[in-house]
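Okay, so here's the structure we're looking at.
The values are calculated or read from the model by the stated rules, or taken from the named source; none is laboratory data. Predicted model, so just to flag it, every value in this text is computed and none were measured. Here the Cβ positions follow ideal geometry from the backbone for every residue, glycine too, while neighbour counts run over all protein chains shown. Accessible surface is based on the protein model in full, side chains and every heavy atom, while ligands, DNA and RNA are left aside. Shrake-Rupley method; radii C 1.70, N 1.55, O 1.52, S 1.80 Å.
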Amino acid sequence: MRKQEGEAADAAARIPCMRDDNSATPQVDGVGVIIPRWRAWIIVSGAATAIGLVFASQHYVYLRVSGARMPFAELAALHLIRWFLWAALAPFIFAAARRWRLDEGDVARRLALQVVCAVAFAFAHALLATLIERRIGFGAVPLALTITSHVLTRFTGDVFVYLSIVAAWHALEYYGRYRSREARTVQLEARLASTRLQVLRMQLNPHFLFNTLNTVSALMRRDVEAADAMLTSLSDLLRLALRSDDVQEVPLRQEIEFVRRYLDIMRIRYGDRIRTDVRADPDVLDALVPNLVLQPLVENALRHGVSMRPGGGCVQVRAERRESSLRLTVADDGPGLPAGWTPGASLGVGLRNTRDRLAELYGDRYDLAMRNRPEGGLELTVVLPYRVAVLAAGA
């Protein structure tokens, strides 16, 4: 219950995105979705070992066919050194690929930086491998060549290896991001289903239905038209709540229709104690909003605002466009926020659910705030990115 104690909190208070542990969505990069970090390094090391042994075997067969001799152990050590050097450089290669990925920002500049990285990493690997091999003194290393000549002879191949590693990282990254979006979609659909069930449980529960039907029964004796209107609104509300198209976002006109049906029932039930004023600019009716986003805000205004006044009060719903944003406002003339109220500490289930769904859908591109109105009462505002439902507009 909100109760005005002394001076109310006049400044707008943003409701932070704070989820319970069981509803948190882990934030990971695309590769991390597929392979945990510790397991990735095991795989990299295993891959370096396998590739090194394959090249060593090929080298050994080539020497035998050409009539030369060299112990397989030395050949294996030679090639393992080269590939374990790539494994050691892999974290830095991955970091460069992530830092200057080609699907973001200035592509030409990032491509140039990737070329620079390819040259730098290939030269570093060729030089380190050459120095280590010459230090150990394997028989297969042509010591007659200078270090510079030896580095240059393997530089082109090392550039190709570097590009292959970067390409593999990008492939895993894109696949991981696809898997992440897929899991996110499933989670959002589950949250939408939970919200719809919550609406039915909290607003259309047996207590609500009993009171509504009891009011209909009483109205039948003195106002048949009002009773019929209440049954019609209840039927429409149930139909909209149980609509089978499980989508995360719907045109604003559909949300406005749902809220009007909900308020029709409340207005008939409470009579003159509840006044409503729902307005939306005509040019924003096709804007996309989260499904069932307004009803919990209206319920909050009725339960904690209007119902707290002996003589009742008014609930206002507004929707308007502000440049590239859609602004939804639900206001009441109740007692407002109490002094010392802190965002996130006293939210009901409906507001918490709304906040979490907005965070899941829009990340940091939304705003949910409440403030005490200068004329009295509370104003709750949701700001969303403005996007038009093209199909709805053409219907």
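Taking trypsin sites (Lys or Arg not before Pro) across the stretch 286-321, none is in a DSSP loop with at most 15 further Cβ atoms lying within 10 angstrom of its Cβ. Annotation: amide H of residue 250 within the under-5 Å range of 289, 291, sequence separation 5 or more or interchain, hydrogens built in the peptide plane. Sorting 323, 74, 173 on solvent-accessible area from highest to lowest, probe radius 1.4 Å, gives 323, 74, 173. Computed on protein heavy atoms with a 1.4 Å probe, the accessible areas place 324, 45 in the order 324, 45, largest first. For the stretch 259-316, the convex hull drawn through the C-alpha positions has a volume of 78 cubic angstrom per residue. Ordered from highest to lowest accessible area with the whole protein assembly present and a 1.4 Å probe, 70, 230 read as 70, 230.
Each Cα pair of the stretch 59-107 feeds into the Kirkwood radius, which the Stokes-Einstein equation turns, at 10 °C and 1.306 mPa s, into a diffusion coefficient of 116 µm²/s. Residues in the stretch 312-318 carry Karplus couplings, in order, of x, x, 10, 10, 10, 10, 10 Hz; the curve used is 6.51 cos²θ - 1.76 cosθ + 1.60 with θ = phi - 60°, and Gly or Pro positions show x. Counting only protein heavy atoms and using a 1.4 Å probe, the accessible area of residue 325 comes to about 30 Å². Using a probe of 1.4 Å on the protein chains alone, the accessible area found for residue 136 is around 90 Å². A Förster radius of 30 Å, combined with the Cβ-Cβ distance separating residue 58 from residue 182, puts the computed FRET efficiency at roughly 0.15. Rounded to the nearest whole Hz, the Karplus-based 3J(HN,Hα) values (6.51 cos²θ - 1.76 cosθ + 1.60, θ = phi - 60°) of the stretch 47-54 follow the sequence 5, 4, 5, 5, 5, x, 5, 5, with x at glycine and proline.
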